[in-house]
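Notes follow the structure.
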Amino acid sequence: MPLTDRLPKLPPRRIDAVVIGASAGGLQALGVVLGGLPSGFRMPIAVVIHVPEGQASKLAAIFQARLKLHVMEAEDKAPLMPGTLYFASPGYHLLIEQDRTLSLSQEERVHYSRPSIDVLFESAADVFGEHLCGVLLTGANEDGATGLRAIHRAGGLTVVQDPEEALVSTMPEAALELFIPDFVLPVKGIHTLLVELERNNA
Amino acid sequence: MCPERTADIELRLLVEGIYLKYSYDFRDYSGASLKRRVLQALSRFECESISHLQARVLHDPQLFSELLQFLTIPVSEMFRDPTYYQALREHVIPVLKTYPSLKVWIAGCSTGEEVFSMAILLKEEGLLDRTLIYATDINPRSLEKARRGVFPLEHVRKYTESYQQSGGVRAFSDYYTAAYEGALFDKNLIANVTFADHSLATDSVFSETHFISCRNVLIYFNKRLQDRAFGLFYESLCHRGFLGLGSKESLDFSSYADHFEPVVKKERVFRRL
């Protein structure tokens, strides 16, 4: 059965940006979610994956080699550009401002994490409201759950990786305990959903 | 109107009120992070809304000085990003050595970790005795800590590692005495340091300088305030003076991009044109 058949009807609204959070097992999951997105894919995507602080992040380089999107490490004050994938830097929270630029911060860790998924999600929810899609993937801590709920409360579209499939289910389960997201999907399904949302925007 | 937008209005009123009453100007701080910190302050001070906090802050200067600890971000480390200090040793120090006397400005020095790091670097390069360092911040409590020069012992191991990676040539323990409360750093390091209350948002240039280090301060400013700060740095720096920024900060999105050239782009070391 093609996956799109199982997707509930997509909301009749534009989605302006996608935010994704992941921790343990996230690299692989993210590879499936983003793998093969076409070069004409326009929605900007901002990602927080927990990585050790004080180490230069190789995430942008790893994904640039595999994707047709423009991939970069998030820079302070950079405008959120279409067709671009942004990774939060180790040691810095990543936030989105009302003028749709990125900003960084070194405030305290949230759930022992900097960057924190909650911080990105909450700021993005504040800016994009219902025009945002938030995706929470595999992970071993609870960061991201309240952030995803903030997206939900702001009217945005929320997606949680199926805990059955997640390498570590703590993170998806933490979100599911807080609220019922729009979609609970395996990573392949999340990929299909992003493609559908992009088509929906056109 | 949804409650989030109401909070944005309250936030604007709060920072406007703080500016009028206490002359601290947060009006051009990056909104997302400022809002986050104010919302944290609400629960800390048991206020039900930002308006409630505003009313209390306007009538209680003591509460304002507590709130200031939320509005500023006193996060600092010694020899943070060791490669930055390496780049200074290799590309900036040799030029600074050609001046008979030096002025260095550490803008937004927070609790002083960077001041001591810079002083150690200058000492090892034989420049400390002929250098005046201005260390400025808007948070009086942070400046007070910086003057004391006592840092938690539990961080010293990490600082030692960073010091070594930065190209440090001595034993790091030469610079401090372990005491009950922490590592007390050698006061001679800051004999030529002037700690001062200075705001990049409201104050003007106070001296000509040869090198300005301002790291992880500008990320909390919006573009307009960043430009104001870059303007101050441009005005303060001597011809071909150096500017060092935090590892994720850049001049790229600023109207001062043309006024500086990169010296070591990756380490965010620039030179005034």
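FYI, it's all coordinate maths here, none of it is from the lab. Remember, it's a predicted structure, so these values are computed and weren't measured experimentally. Counting neighbours? That spans all protein chains shown, and the Cβs are built from the backbone with ideal geometry, glycine included.
In order along the stretch A:10-18, the Karplus-derived 3J(HN,Hα) couplings, from 6.51 cos²θ - 1.76 cosθ + 1.60 at θ = phi - 60°, round to 6, x, x, 9, 6, 10, 8, 7, 10 Hz, and Gly and Pro are given as x. Taking a straight line from the alpha carbon of B:Lys223, these lysines sit under 16 Å away, with near neighbours fewer than eight places off in the same chain left out: A:Lys77, B:Lys248. FRET efficiency for the B:Arg240 to B:Thr194 pair, using the beta carbon distance and R₀ = 30 Å, is estimated at 0.80.
For the stretch B:3-71, what class follows from the C-alpha gyration tensor (a ≥ b ≥ c being the square roots of its eigenvalues): rounded when a/c is under 1.5, otherwise prolate if a/b is larger than b/c, else oblate? Verdict is rounded for the stretch B:3-71. Averaged over peptide B:220-227, the number of partner chain Cβ atoms lying within 10 Å of each residue's Cβ comes to 3. Mind checking which lysines have their C-alpha under 20 Å from A:Lys9, skipping anything on the same chain fewer than 8 residues away? Excluding near neighbours in sequence, the set is A:Lys188. Below 12 angstrom from the Cβ of A:Gly21, what's the summed charge of the other residues (Lys, Arg +1; Asp, Glu -1)? Every neighbour counted, the sum reads -4.
Mean sequence separation of contacting Cα pairs (under 8 Å, at least six apart), scaled by the length of chain B, corresponds to a relative contact order of 18 percent.
Exposure proxy ranking for B:Ser51, B:Ser162, A:Ser105, based on other Cβ atoms within 10 angstrom of each Cβ and starting from the fewest, stands as B:Ser51, B:Ser162, A:Ser105. Helices meeting the span-like rule in chain B (full DSSP H runs, Cα extent of at least 30 Å along the helix axis, mean Kyte-Doolittle score of -0.5 or higher) are absent.
Karplus-derived 3J(HN,Hα) values for the stretch B:101-110, using 6.51 cos²θ - 1.76 cosθ + 1.60 with θ = phi - 60°, are 9, 10, 10, 10, 10, 9, 8, x, 7, 6 Hz; glycine and proline are entered as x. Counting only DSSP beta bridges with both residues in chain B, the antiparallel share comes to about 40 percent. Of all complete DSSP H helices in chain A, those with a Cα span along the helix axis of 18 Å or greater and a mean Kyte-Doolittle hydropathy of -0.5 or more are A:187-201. Less than 5 angstrom separates the built amide H of B:Ala196 from those of B:Ala135, B:Thr136, B:Asp137, all sequence-distant by 5 or more or on a different chain.
A viscosity of 1.567 mPa s and a temperature of 4 °C, combined with the Kirkwood radius over C-alpha pairs in the Stokes-Einstein formula, give the protein assembly as shown a diffusion coefficient of 55 µm²/s. Around the amide H of B:Phe260, modelled in the peptide plane, lie the amide H atoms of B:Leu273, all under 5 Å away and 5 or more residues distant in sequence or on another chain.
Taking K and R as +1 and D and E as -1, what net charge do the other residues with C-beta under 15 Å from the C-beta of A:Val51 add up to? Residues near A:Val51 contribute +1 overall. Treating cross-link reach as a plain straight distance, find the aspartates and glutamates whose alpha-carbon is under 13 Å from the alpha-carbon of B:Lys158, omitting any fewer than eight places away in the same chain. Within the straight-line cut-off, B:Lys158 pairs with A:Glu53, B:Glu77, B:Asp81, B:Glu113. Could you pull out which residues in the stretch B:251-273 have an amide N less than 14 Å from a spot 7 Å beyond the Cα of B:Thr98, following the Cα-Cβ vector? It comes to B:272, nothing else. With the contact rule set at Cα under 8 Å and sequence spacing of 6 or more, what percent relative contact order holds for chain A? Result for chain A is 23 percent. Sorted on the mean count of surrounding Cβ atoms within 10 Å across their residues, most packed first, peptides A:60-68, A:176-184 read A:176-184, A:60-68.
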